[in-house]
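This report refers to the structure that appears directly beneath it.
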(Lines give C-alpha, C1' and ligand atoms only; values in the text may rest on other atoms or scores of the structure.)
Protein backbone atom coordinates (compact mmCIF):
# COMPACT_ATOMS: atom_id res chain seq x y z
CA UNK A 1 0.00 0.00 0.00
CA UNK A 2 1.39 3.41 -0.97
CA UNK A 3 2.33 5.66 1.98
CA UNK A 4 0.06 8.69 2.32
CA UNK A 5 1.77 11.93 1.36
CA UNK A 6 3.26 13.63 4.42
CA UNK A 7 2.48 17.26 5.09
CA UNK A 8 5.03 19.82 6.20
CA UNK A 9 3.40 19.83 9.63
CA UNK A 10 3.84 16.07 10.00
CA UNK A 11 7.48 16.25 8.90
CA UNK A 12 8.08 19.14 11.31
CA UNK A 13 6.56 17.15 14.17
CA UNK A 14 8.69 14.10 13.34
CA UNK A 15 11.84 16.26 13.21
CA UNK A 16 10.94 18.08 16.41
CA UNK A 17 11.07 21.50 14.78
CA UNK A 18 8.60 24.14 13.64
CA UNK A 19 6.85 24.23 10.28
CA UNK A 20 8.64 27.51 9.35
CA UNK A 21 11.98 25.73 9.94
CA UNK A 22 11.03 22.91 7.56
CA UNK A 23 9.84 25.50 5.06
CA UNK A 24 13.19 27.32 5.31
CA UNK A 25 15.08 24.11 4.58
CA UNK A 26 12.77 23.25 1.72
CA UNK A 27 13.18 26.69 0.15
CA UNK A 28 16.95 26.79 0.43
CA UNK A 29 17.40 29.26 3.29
CA UNK A 30 20.82 28.93 4.89
CA UNK A 31 19.96 30.33 8.34
CA UNK A 32 19.19 26.87 9.78
CA UNK A 33 21.62 24.96 12.01
CA UNK A 34 23.58 22.34 10.08
CA UNK A 35 22.41 19.37 12.18
CA UNK A 36 18.80 20.51 12.03
CA UNK A 37 18.97 21.04 8.28
CA UNK A 38 20.45 17.58 7.73
CA UNK A 39 17.75 15.95 9.86
CA UNK A 40 14.98 17.74 7.97
CA UNK A 41 16.58 16.96 4.59
CA UNK A 42 16.80 13.30 5.56
CA UNK A 43 13.10 13.18 6.44
CA UNK A 44 12.10 15.06 3.28
CA UNK A 45 14.08 12.53 1.24
CA UNK A 46 12.76 9.54 3.23
CA UNK A 47 9.14 10.57 2.71
CA UNK A 48 9.83 11.64 -0.89
CA UNK A 49 8.30 15.01 -0.17
CA UNK A 50 7.97 17.30 -3.18
CA UNK A 51 6.28 20.70 -3.36
CA UNK A 52 2.86 20.51 -4.92
CA UNK A 53 3.88 23.05 -7.54
CA UNK A 54 6.54 21.62 -9.90
CA UNK A 55 9.40 23.65 -11.34
CA UNK A 56 7.97 23.16 -14.82
CA UNK A 57 4.80 24.96 -13.66
CA UNK A 58 6.72 27.89 -12.17
CA UNK A 59 9.43 28.37 -14.81
CA UNK A 60 10.53 32.00 -14.83
CA UNK A 61 12.82 31.93 -17.89
CA UNK A 62 15.98 32.80 -15.98
CA UNK A 63 19.29 31.02 -15.38
CA UNK A 64 22.27 31.93 -13.20
CA UNK A 65 25.84 31.88 -14.55
CA UNK A 66 28.30 31.80 -11.64
CA UNK A 67 32.07 32.33 -12.01
CA UNK A 68 34.89 32.02 -9.52
CA UNK A 69 36.69 34.73 -11.53
CA UNK A 70 34.98 37.09 -13.94
CA UNK A 71 37.75 39.48 -14.97
CA UNK A 72 39.39 37.63 -17.85
CA UNK A 73 38.88 37.14 -21.60
CA UNK A 74 38.42 33.43 -20.81
CA UNK A 75 35.31 34.26 -18.79
CA UNK A 76 34.02 36.50 -21.59
CA UNK A 77 34.20 33.58 -24.04
CA UNK A 78 32.12 31.44 -21.68
CA UNK A 79 29.66 34.29 -21.13
CA UNK A 80 29.23 34.78 -24.88
CA UNK A 81 28.43 31.10 -25.38
CA UNK A 82 25.90 30.94 -22.55
CA UNK A 83 24.25 34.20 -23.58
CA UNK A 84 23.82 33.06 -27.18
CA UNK A 85 22.25 29.75 -26.20
CA UNK A 86 20.05 31.36 -23.55
CA UNK A 87 18.79 33.94 -26.05
CA UNK A 88 17.93 31.21 -28.54
CA UNK A 89 16.02 29.32 -25.85
CA UNK A 90 14.20 32.42 -24.61
CA UNK A 91 15.98 32.60 -21.25
CA UNK A 92 17.57 35.54 -19.48
CA UNK A 93 20.96 35.22 -17.77
CA UNK A 94 22.10 36.59 -14.42
CA UNK A 95 25.90 36.70 -14.02
CA UNK A 96 27.66 36.67 -10.68
CA UNK A 97 31.10 35.90 -9.25
CA UNK A 98 32.15 34.13 -6.06
CA UNK A 99 35.02 36.32 -4.88
CA UNK A 100 35.71 34.94 -1.39
CA UNK A 101 37.46 31.63 -2.03
CA UNK A 102 38.46 31.06 1.61
CA UNK A 103 35.05 31.58 3.10
CA UNK A 104 31.43 30.84 2.30
CA UNK A 105 29.95 34.34 2.53
CA UNK A 106 29.76 34.98 -1.21
CA UNK A 107 28.73 31.36 -1.87
CA UNK A 108 25.87 31.79 0.58
CA UNK A 109 24.96 35.07 -1.11
CA UNK A 110 24.60 33.64 -4.59
CA UNK A 111 22.61 30.69 -3.25
CA UNK A 112 20.28 33.12 -1.50
CA UNK A 113 19.96 35.12 -4.71
CA UNK A 114 19.20 32.01 -6.77
CA UNK A 115 16.47 31.11 -4.30
CA UNK A 116 15.06 34.64 -4.25
CA UNK A 117 14.95 34.84 -8.05
CA UNK A 118 13.54 31.31 -8.28
CA UNK A 119 16.01 30.70 -11.12
CA UNK A 120 15.32 27.75 -13.40
CA UNK A 121 18.92 26.52 -13.52
CA UNK A 122 22.56 27.25 -12.71
CA UNK A 123 25.80 27.05 -14.71
CA UNK A 124 28.89 26.94 -12.46
CA UNK A 125 32.26 27.75 -14.05
CA UNK A 126 35.65 26.55 -12.72
CA UNK A 127 34.00 25.55 -9.50
CA UNK A 128 32.39 22.62 -7.75
CA UNK A 129 29.51 21.83 -5.47
CA UNK A 130 29.91 21.04 -1.79
CA UNK A 131 27.45 18.51 -0.32
CA UNK A 132 25.64 21.37 1.41
CA UNK A 133 25.32 23.42 -1.79
CA UNK A 134 24.15 20.36 -3.70
CA UNK A 135 21.54 19.62 -1.04
CA UNK A 136 20.25 23.20 -1.17
CA UNK A 137 19.88 23.14 -4.95
CA UNK A 138 18.32 19.67 -4.85
CA UNK A 139 15.69 20.85 -2.40
CA UNK A 140 14.99 23.84 -4.63
CA UNK A 141 14.67 21.44 -7.57
CA UNK A 142 17.19 23.57 -9.51
CA UNK A 143 19.32 21.71 -12.07
CA UNK A 144 23.04 22.50 -12.26
CA UNK A 145 25.71 22.13 -14.96
CA UNK A 146 29.45 22.48 -14.29
CA UNK A 147 31.95 23.86 -16.81
CA UNK A 148 35.56 22.83 -16.13
CA UNK A 149 34.80 21.60 -12.59
CA UNK A 150 37.40 21.81 -9.82
CA UNK A 151 37.50 18.03 -9.50
CA UNK A 152 35.58 14.97 -10.63
CA UNK A 153 31.90 15.87 -10.06
CA UNK A 154 30.12 13.91 -7.38
CA UNK A 155 27.07 11.84 -8.13
CA UNK A 156 25.26 12.60 -11.35
CA UNK A 157 26.01 16.34 -11.58
CA UNK A 158 26.53 16.96 -15.33
CA UNK A 159 29.80 18.57 -16.42
CA UNK A 160 31.37 19.87 -19.63
CA UNK A 161 35.12 20.23 -20.13
CA UNK A 162 37.88 19.90 -22.69
CA UNK A 163 40.52 17.28 -23.42
CA UNK A 164 43.09 19.00 -21.21
CA UNK A 165 45.42 16.00 -21.03
CA UNK A 166 45.62 15.75 -24.81
CA UNK A 167 46.19 19.50 -25.05
CA UNK A 168 49.14 19.34 -22.66
CA UNK A 169 50.51 16.33 -24.51
CA UNK A 170 50.25 17.99 -27.94
CA UNK A 171 51.83 21.24 -26.77
CA UNK A 172 54.82 19.43 -25.29
CA UNK A 173 55.22 17.06 -28.23
CA UNK A 174 55.36 20.08 -30.55
CA UNK A 175 58.24 21.55 -28.54
CA UNK A 176 60.05 18.20 -28.50
CA UNK A 177 59.66 17.93 -32.28
CA UNK A 178 61.28 21.38 -32.56
CA UNK A 179 64.32 19.91 -30.82
CA UNK A 180 63.79 21.17 -27.26
CA UNK A 181 64.92 19.01 -24.35
CA UNK A 182 64.69 21.48 -21.46
CA UNK A 183 60.96 22.19 -21.38
CA UNK A 184 59.20 23.69 -18.37
CA UNK A 185 55.50 24.19 -17.68
CA UNK A 186 53.54 26.80 -15.74
CA UNK A 187 50.05 25.48 -15.04
CA UNK A 188 46.99 26.92 -13.34
CA UNK A 189 45.99 26.34 -9.71
CA UNK A 190 47.12 22.90 -8.58
CA UNK A 191 43.74 21.98 -7.06
CA UNK A 192 41.93 22.35 -10.40
CA UNK A 193 41.29 19.20 -12.42
CA UNK A 194 42.07 20.96 -15.72
CA UNK A 195 45.44 22.19 -14.41
CA UNK A 196 46.48 18.74 -13.24
CA UNK A 197 45.40 17.17 -16.53
CA UNK A 198 47.53 19.60 -18.57
CA UNK A 199 50.56 18.87 -16.40
CA UNK A 200 49.92 15.13 -16.71
CA UNK A 201 49.84 15.48 -20.51
CA UNK A 202 53.12 17.41 -20.37
CA UNK A 203 54.74 14.75 -18.18
CA UNK A 204 53.52 11.97 -20.45
CA UNK A 205 55.07 13.59 -23.54
CA UNK A 206 58.36 14.16 -21.71
CA UNK A 207 58.43 10.58 -20.43
CA UNK A 208 57.66 9.12 -23.87
CA UNK A 209 60.60 11.10 -25.28
CA UNK A 210 62.88 9.88 -22.49
CA UNK A 211 63.30 13.40 -21.12
CA UNK A 212 63.80 14.26 -17.48
CA UNK A 213 61.43 16.66 -15.73
CA UNK A 214 63.36 18.53 -13.03
CA UNK A 215 61.23 19.38 -10.00
CA UNK A 216 61.73 23.12 -10.56
CA UNK A 217 60.43 22.84 -14.14
CA UNK A 218 56.82 22.28 -13.01
CA UNK A 219 55.25 25.43 -11.59
CA UNK A 220 51.75 26.64 -10.79
CA UNK A 221 50.09 30.03 -11.20
CA UNK A 222 46.49 31.24 -11.31
CA UNK A 223 45.88 31.44 -15.09
CA UNK A 224 46.47 35.22 -15.05
CA UNK A 225 49.39 37.15 -16.58
CA UNK A 226 51.14 38.27 -13.35
CA UNK A 227 51.60 34.66 -12.23
CA UNK A 228 53.02 33.72 -15.63
CA UNK A 229 55.45 36.62 -15.29
CA UNK A 230 56.51 35.65 -11.75
CA UNK A 231 56.97 31.95 -12.49
CA UNK A 232 58.89 32.68 -15.69
CA UNK A 233 61.29 34.90 -13.74
CA UNK A 234 61.86 32.01 -11.33
CA UNK A 235 62.53 29.62 -14.23
CA UNK A 236 65.02 32.03 -15.80
CA UNK A 237 66.89 32.23 -12.49
CA UNK A 238 67.57 28.47 -12.43
CA UNK A 239 71.16 27.30 -12.96
CA UNK A 240 69.94 25.56 -16.11
CA UNK A 241 66.89 27.49 -17.38
CA UNK A 242 64.52 25.94 -19.92
CA UNK A 243 64.70 26.63 -23.64
CA UNK A 244 60.91 26.32 -23.93
CA UNK A 245 57.93 27.04 -21.66
CA UNK A 246 54.45 25.56 -21.95
CA UNK A 247 52.02 27.88 -20.14
CA UNK A 248 48.69 26.49 -19.00
CA UNK A 249 46.81 29.57 -20.23
CA UNK A 250 47.32 32.25 -22.87
CA UNK A 251 47.25 34.97 -20.22
CA UNK A 252 50.11 33.32 -18.34
CA UNK A 253 51.96 32.93 -21.65
CA UNK A 254 51.69 36.70 -22.17
CA UNK A 255 53.14 37.15 -18.68
CA UNK A 256 56.02 34.90 -19.78
CA UNK A 257 56.52 37.19 -22.79
CA UNK A 258 56.92 40.19 -20.48
CA UNK A 259 59.45 38.39 -18.26
CA UNK A 260 61.51 37.42 -21.29
CA UNK A 261 61.35 40.94 -22.71
CA UNK A 262 62.69 42.36 -19.44
CA UNK A 263 65.63 39.96 -19.59
CA UNK A 264 66.43 40.93 -23.17
CA UNK A 265 65.42 37.49 -24.44
CA UNK A 266 63.63 36.98 -27.76
CA UNK A 267 60.67 34.74 -28.59
CA UNK A 268 61.24 32.29 -30.21
CA UNK A 269 64.94 32.81 -31.00
CA UNK A 270 66.03 32.42 -27.36
CA UNK A 271 63.04 30.71 -25.74
CA UNK A 272 59.93 29.15 -27.29
CA UNK A 273 56.52 29.68 -25.67
CA UNK A 274 53.24 27.79 -26.03
CA UNK A 275 49.95 28.85 -24.42
CA UNK A 276 46.55 27.26 -23.84
CA UNK A 277 43.03 28.54 -24.71
CA UNK A 278 43.50 30.38 -28.05
CA UNK A 279 41.98 33.63 -26.83
CA UNK A 280 41.29 36.10 -29.69
CA UNK A 281 44.04 38.54 -28.67
CA UNK A 282 46.84 35.94 -28.85
CA UNK A 283 47.03 36.18 -32.63
CA UNK A 284 47.91 39.88 -32.21
CA UNK A 285 50.73 39.28 -29.72
CA UNK A 286 54.28 39.84 -30.92
CA UNK A 287 55.11 37.26 -32.03
CA UNK A 288 51.67 35.65 -32.49
CA UNK A 289 51.32 32.95 -29.84
CA UNK A 290 51.39 29.23 -30.60
CA UNK A 291 48.70 27.72 -28.40
CA UNK A 292 46.22 24.94 -27.72
CA UNK A 293 42.70 25.89 -28.70
CA UNK A 294 40.13 25.17 -26.03
CA UNK A 295 36.61 25.47 -27.50
CA UNK A 296 35.35 27.74 -24.72
CA UNK A 297 32.32 29.17 -26.46
CA UNK A 298 31.25 25.74 -27.71
CA UNK A 299 31.66 24.31 -24.19
CA UNK A 300 29.40 27.04 -22.85
CA UNK A 301 26.78 26.47 -25.55
CA UNK A 302 26.67 22.73 -24.97
CA UNK A 303 26.48 23.17 -21.19
CA UNK A 304 23.60 25.62 -21.62
CA UNK A 305 21.69 23.29 -23.92
CA UNK A 306 22.15 20.44 -21.46
CA UNK A 307 20.79 22.70 -18.71
CA UNK A 308 17.74 23.65 -20.76
CA UNK A 309 16.97 19.97 -21.34
CA UNK A 310 17.07 19.35 -17.59
CA UNK A 311 14.82 22.37 -17.01
CA UNK A 312 12.30 20.85 -19.44
CA UNK A 313 12.42 17.60 -17.48
CA UNK A 314 14.29 15.68 -20.17
CA UNK A 315 17.02 13.11 -19.49
CA UNK A 316 20.59 13.53 -20.75
CA UNK A 317 22.25 10.82 -22.81
CA UNK A 318 25.50 11.53 -20.95
CA UNK A 319 26.37 13.60 -17.89
CA UNK A 320 30.06 13.97 -18.84
CA UNK A 321 31.24 15.67 -22.01
CA UNK A 322 34.78 16.55 -23.11
CA UNK A 323 35.29 18.64 -26.23
CA UNK A 324 38.46 18.13 -28.24
CA UNK A 325 41.27 20.64 -28.07
CA UNK A 326 43.33 21.44 -31.17
CA UNK A 327 46.85 22.72 -31.71
CA UNK A 328 47.35 26.16 -33.29
CA UNK A 329 50.90 26.83 -34.49
CA UNK A 330 51.92 30.44 -34.96
CA UNK A 331 55.30 32.14 -34.54
CA UNK A 332 56.30 31.73 -30.87
CA UNK A 333 58.11 28.39 -31.25
CA UNK A 334 61.29 27.44 -33.06
CA UNK A 335 64.32 25.20 -32.66
CA UNK A 336 66.36 25.88 -29.49
CA UNK A 337 69.41 28.14 -29.78
CA UNK A 338 72.70 26.44 -30.62
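So which of 262, 298 ends up being over 12 Å from residue 184 (Cβ atoms), surrounded by fewer than 16 Cβ atoms within 10 Å (Cβ to Cβ) and within 25 Å of the chain's Cα centre (by Cα)? Let's see the steps before the verdict.
Working: 262 fails: within 25 Å of the chain's Cα centre (by Cα).
Just a single option satisfies the conditions, and that option is 298.
Regarding residue 198, is this residue free of Cβ contacts under 8 Å to residues at least 40 places away in the same chain, touching a strand residue (DSSP E or B) at 6+ places or on another chain (Cβ under 6 Å) and either closer than 16 Å to residue 244 by Cβ or in a strand (DSSP E or B) (or both)? I'd like the intermediate steps shown before the answer.
Working: free of Cβ contacts under 8 Å to residues at least 40 places away in the same chain: no; touching a strand residue (DSSP E or B) at 6+ places or on another chain (Cβ under 6 Å): yes; either closer than 16 Å to residue 244 by Cβ or in a strand (DSSP E or B) (or both): yes.
No, not satisfied.
Kindly indicate which of 220, 257 is touching a residue at least 12 places away in the same chain (Cβ under 8 Å) and either crowded, with 21+ Cβ neighbours inside 10 Å or more than 27 Å from the chain's Cα centre (by Cα) (or both).
On the way: 220 fails: either crowded, with 21+ Cβ neighbours inside 10 Å or more than 27 Å from the chain's Cα centre (by Cα) (or both).
Selected residue: 257, the only one of 220, 257 that is touching a residue at least 12 places away in the same chain (Cβ under 8 Å) and either crowded, with 21+ Cβ neighbours inside 10 Å or more than 27 Å from the chain's Cα centre (by Cα) (or both).
Determine which member of the set 287, 337 is within 23 Å of residue 236 (Cα to Cα), surrounded by fewer than 18 Cβ atoms within 10 Å (Cβ to Cβ) and modelled with pLDDT under 95.
Values: 287 fails: modelled with pLDDT under 95.
Only one candidate passes the filter, namely 337.
Residue-wise test of (1) assigned to a helix (DSSP H, G or I); (2) in contact with a strand residue (DSSP E or B) (Cβ under 8 Å, 6 or more places away or on another chain); (3) under 24 Å from residue 201 (Cα atoms).
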residue: 219; (1), (2), (3): no, yes, yes
residue: 227; (1), (2), (3): yes, yes, yes
residue: 240; (1), (2), (3): no, no, yes
residue: 261; (1), (2), (3): yes, no, no
residue: 267; (1), (2), (3): no, yes, yes
residue: 282; (1), (2), (3): yes, yes, yes
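Looking only at region 172-189, filter to residues that are within 21 Å of the chain's Cα centre (by Cα) and within 25 Å of residue 239 (Cα to Cα); which one of those is surrounded by the fewest Cβ atoms within 10 Å (Cβ to Cβ)? Don't jump to the end; show me each part of the working.
First pass over region 172-189, keeping only residues within 21 Å of the chain's Cα centre (by Cα): 185-189.
This time we only want the ones that are within 25 Å of residue 239 (Cα to Cα), so: 185-188.
On the way: 185: 28, 186: 28, 187: 28, 188: 26.
Going through the qualifying residues, I end up with 188.
Within region 127-150, track down each residue that is modelled with pLDDT of 75 or more, in a loop (DSSP other than H, G, I, E, B) and in contact with a helix residue (DSSP H, G or I) (Cβ under 8 Å, 6 or more places away or on another chain).
Filtering region 127-150 down to residues modelled with pLDDT of 75 or more leaves 141-150.
With in a loop (DSSP other than H, G, I, E, B) added as a condition, the list becomes 141-143, 148-150.
Matches in region 127-150: 142, 143, 148, 149, 150.
All but one of (1) in contact with a strand residue (DSSP E or B) (Cβ under 9 Å, 6 or more places away or on another chain); (2) assigned to a helix (DSSP H, G or I); (3) at pLDDT 95 or above hold for residue 204; state the number of the condition that does not hold.
So the condition that residue 204 fails would be (1).
Does region 298-308 contain any residue that is farther than 20 Å from residue 148 by Cα and in a helix (DSSP H, G or I)?
The answer is no; no qualifying residue exists.
Could you identify the single residue in 222, 277 that is closer than 17 Å to residue 327 by Cβ and assigned by TED's automatic domain parsing to the domain that holds residue 168?
Numbers: 222 fails: closer than 17 Å to residue 327 by Cβ.
On inspection, the qualifying residue turns out to be 277.
Among the helices (runs of 4 or more DSSP H) lying completely within region 1-95, list those that include at least 1 residues that are over 30 Å from the mean Cα position of the chain (by Cα), modelled with pLDDT of 80 or more and loosely packed, with under 14 Cβ neighbours inside 10 Å. Quick ask: steps written out before the conclusion?
Values: elements: 8-15, 19-26, 34-46, 73-89.
It comes to 34-46.
The values are calculated or read from the model by the stated rules, or taken from the named source; none is laboratory data. Since this is a predicted model, take the numbers as computed values, not measurements. As a convention, Cβ positions derive from the backbone with ideal geometry for all residues, glycine included, and neighbour counts pool all protein chains shown.
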